[in-house]
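Working notes, structure below.
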Amino acid sequence: MVDVFTEINIRSPRKEVAEYASNPDRAPEWYVNIKSVEWKSPKPLTLGSQIAFKAQFLGKELAYIYEVVEFIPNQKFVMRTADGPFPMETTYTWESIETNVTKMKLRNRGNPTGFSKLFTPFMGLMMKKANKKDLEKLKIILEKN
C-alpha cells in the first residue's frame, strides 16, 4: 500500500485555494507530472464527474480516469481511479488557519498491482517528492495573485 501525505500553508483565502486546486483544468499548471486533462463527463465538477489525466511518472506515460467520489466545496475533494494502471485515491482538504492563510493537505493512497507492486516503497518516496513540488508550485501561483 502506498499512502503519501503532504501539506503546505498558502497565503491566500481558502475559497481561492480550493477553487483553483479542485479545478481539473488547472492541474497541468501546478502538477509537475500531469501533462493533459480531458473531461469524460459534462462540466461543472460534481459528484460522479469523470476526468481523464495523462501523466509522466518515473519515465513512464500513465493514462488514467479519476471519478469524483466526494466533493464539499472549499473543504474536501476526493477522486478515485475508475480506470488506470493501479487503484489510487487522491484527497485534498483545505482549512483556514488565518484570515488569508490556507493549509492545504494532499493525500494519495493506493495499491500498486502487477509489476508496479515491486516498486511500492520507492514509488511512495517518489510520490512524496513530486507532491511536495506540486504544492510548492501551487503556493507560488496562488501567492502571486
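The values are calculated or read from the model by the stated rules, or taken from the named source; none is laboratory data. Here the structure is a predicted model, which means the values were calculated and not measured. When we count neighbours, we look across all protein chains shown, and the Cβ atoms used for this are built from the backbone with ideal geometry, even at glycine.
Only strands (runs of 3 or more DSSP E) wholly contained in region 1-105 count here; list those with 3 or more residues that are acidic (Asp, Glu), modelled with pLDDT under 95 and surrounded by 15 or more Cβ atoms within 10 Å (Cβ to Cβ).
Values: elements: 2-10, 34-39, 50-57, 60-72, 76-83, 88-98.
Per the criteria, no element qualifies.
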Check: Got at least one residue in region 107-121 being in contact with a Ser or Thr (Cβ under 9 Å, 6 or more places away or on another chain), at pLDDT below 95, farther than 27 Å from Arg11 by Cα and not in a strand (DSSP E or B)?
Finding: yes
Note to self: Restricting to region 49-104, give me the number of residues that are touching a residue at least 60 places away in the same chain (Cβ under 8 Å) and acidic (Asp, Glu).
What the structure shows: 1
